[in-house]
Every structure is written in C-alpha cells, then in structure tokens.
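Data block below; observations after.
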Amino acid sequence: MKFKTLQEIETRKAEILQEMEKEGADLDALKKEMDELRENAQQIREAAAKAEETRKAIANGAAGITTGENRQAERTSRTVDEIRGSREYVEAFARYLQTEDDRECRALLSENATSGGQVPVPTLVDPIIKTAWEKSDILTRVNKTGFKGNLKSAFERAADPAYEHSEGTTAITEEDLTLGIVELKPKNIKKFIRVSDEVIATGGEALVAYVYKELAHQIVLKLSKLAVLDIAGASTSHSSSAVGIPKIEGSPDLSIVVTAEANLSDEAENVVVIINRLTAAAFHQAKVAGNFAVDPYDGLTVLYSSALPAYSTADNNAVWMIVGDLYGEHVNYPEGEGIITKWDDLSEAEADMVKVHGRQYAAHGVDKPGMFVNVKKNAGSATT
C-alpha cells in the first residue's frame, strides 16, 4: 500500500515499531514493509523537490539550469537544520550510532560542521527530547540553566531587617549579612537499553527514534527523582554550602497542607504539593470524612513522585510530602539538555543483542531559601 503524505508514512512507521515488540511478530514482513515505506517517502520527497525546482525555474526565468545543478546549489546552500532534517543525514546518523564513525555525518554538514565535539542529532530527535522534558511535571518547574562547568549560587543565610527611621533619632546600624554558597557539580546520569539485531536492521528514522525515546524517558525520570530527593534530604538549617529546609510533622489530614504553606517565604509563588501517588488515597479519606467540605490540598497543584514514600509505608520521621515552589531547585546542563549515546555491539553479541548507552551531564540542588517545607511522618504513628 502506498501513502500520499509523509505524515501517513510516519504514523505507519510508529505502528510497525510497536508491532515489532509484540511476541510472535513477523519481523521479516515488518522489515520489508518498513523498506517499502522508506521508498514511498523518498518518492514523495523527490516529487516535491522536482515540483519546487520547476517552480523556481519558472519564477527566475532560468529554464536552462539543469536539475543536477539545482540540486547541487540547494545542497551547498542548506542550513545545518535543513541538513539535520534530511533523510540522508538521518540514515548517516543511524550508521554513526552503530559504528561511532562520524565522518559521513560531518561530510554532509561540510563547512557547517564543528570541529570536534558531539555530532548534531537529526531534527527528529529534538521533539522526542522536548516531549520527555515536558512530560515531567517536576522538571518543567525547576530553574534550568546551561552554564559550563561547576555553578556557584549565593544565597542569604541571615540578614538584619530594614528599619523605619525618624528624623533626629539614633542612626540605624549597618546590615549584618551572612551569605552561603551552593556549588552545583555536574555528574553523568546514565541509562542503557538492549536492542535486538532485528530492530537494528530497521535502520534510519525508526532506529534513531526508538533509541532516543527510550533513553530520554528513563534519564528524565531519574533526574526528576534526584531533584525531589535534593529537597526531601535537606537539613533543617542553613550551612555555608547548603540551603536548609524547614521540616514539620503531620499526617494526610485537612490542615497539613495549609500548615506547611504557612512556613514558606513570600518568594514562594507557584506552590505545589509533591506526594507519592499512594498517599493521595489517604488525603481522599480525609476529604470524605469531612463530607467533602474542604479541599485538603488548599487548591494547590498536586504532583506525584515515587521518590517519596507513601505515607502508609513511610518510616517514622521520614519525609512523605513536600510543599513549595520548585523554582527553588536548580538544574544546570553544562552540555545542554541533549543525550549523548554510545553503542556496544560486542558484550552480548552471542545473544544477538546490542547495548545502547545514553548519558546526560547535569548538576542539581536547592539554591533558594524559603521555597520549600518538608513534611515528615509523626514519630510513633501507626503504619496502616
């Protein structure tokens, strides 16, 4: 079956990838159909390119320019993004993933290629990474930067307040200001997946999309948990190198969220509640007991994270809920928000499997005081 649009082809490719993962899938037939889809897509692109060449020739009165010359002119004048979006670059990048030989990719980029560093990923990867970030309710709310190396962020540990001064009275004293400095040191967040030789054989767009989608999901999930643990694991008082976070005791009742909010500073604006999804059941019970007259979350947005224990299974004094503004958590990406991959086709070659390693370089930590309150389980509370 031939499709008329590239969108229809991409939709069918995605369906084939899912079918390949099913038990008993006819991999040979699916691979053959994938090849036919590539040919179909190429025919559509060539037809579109030919029509565009004809339009340009008519518009410029340049009927004497040959098709080959037109194509060469277009090739040399394309931007990096246009090259990254081309089929030939996607195919070259898929081969680079498997061989780690980037010469073909850099040849296509020609003078636009950077010397050294990471090979630019195809444009189809950009929305995959972006979607992974956007799906993380935690990471979309943190303070994100892209500074190189370690990042030092100063915060106010203690300071005298301002004074109202009447004329003729004793002069006010100089402010006694004490600063702390949080240093965010980046580390690699890593994940590897196993890919069968059959999936690798699909090549091109299908292979690149599959690899990056899975790696991005797992790396973003890990980083979001680390951000939550930065908050939950903080000390209750400031030090010279760390922001302290107040900690109160409480259970999932109708007043605990309001009590936690009261301990936040005026700078906490976009306040949310972070709990384990299982804890929501306890809050619902409190709401039912109150005849649904009161919202236990006080109208705040509720985010779920398995980095926190459920209240029912949490140890005594363990933090089970966070209330605060996630902008107080800082995540720095020295190498950008992309994912760097490495291919290992040797360690499990006897099983016809290939390991694909992905990593992201990131630093994270709380660097703004007054933005969070941790809620711990009451000491001696019965576990239900």
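Every number here is computed from the coordinates shown, using simple stated rules; none is lab data. This structure is a prediction, so every number in the text was calculated from the model and none was measured. Cβ sites come from the backbone with ideal geometry, for glycine too, and all protein chains shown count toward neighbours.
Roughly speaking, what is the stretch gain from I193 to T178, that is 0.36 nm per residue apart minus the C-alpha to C-alpha distance, in nm to one decimal? Please list the in-between numbers first.
On the way: separation 15, 0.36 × 15 = 5.40 nm, distance 4.74 nm.
That works out to 0.7 nm of additional length.
At a Förster radius of 30 Å, what calculated FRET efficiency corresponds to the Cβ-Cβ distance of Q42 and K130, to the nearest 0.05?
Numbers: r = 27 Å, r/R0 = 0.90.
Once the sixth-power term is evaluated, E becomes 0.65.
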Net charge contributed by nearby residues that have their C-beta within less than 9 Å of V375 (K/R +1, D/E -1): +2
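If each residue of separation counts as 0.36 nm, what is the full-extension length gain between Y361 and D26 once their alpha-carbon separation is subtracted? Show your work: numbers first, answer last.
On the way: separation 335, 0.36 × 335 = 120.60 nm, distance 3.89 nm.
Stretched fully, the Y361-D26 segment lengthens by 116.7 nm.
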For L303, what residues show an amide H to amide H distance below 5 Å, using hydrogens built from the backbone and excluding near sequence neighbours? V273, I274, I275
Cα centroid of the stretch 13-37 to Cα centroid of the stretch 118-144, whole Å: 27 Å
Once a ≥ b ≥ c are taken as the square roots of the eigenvalues of the Cα gyration tensor of the stretch 251-384, is the result rounded (a/c under 1.5), prolate (a/b larger than b/c) or oblate (a/b not larger than b/c)? prolate
Unit charges on C-beta of K, R, D, E only; dipole of the stretch 204-356, Debye: 380 debye
Where the centre of each part is set by its Cα atoms, how far does the stretch 242-263 sit from the stretch 309-384, in angstrom? 21 Å
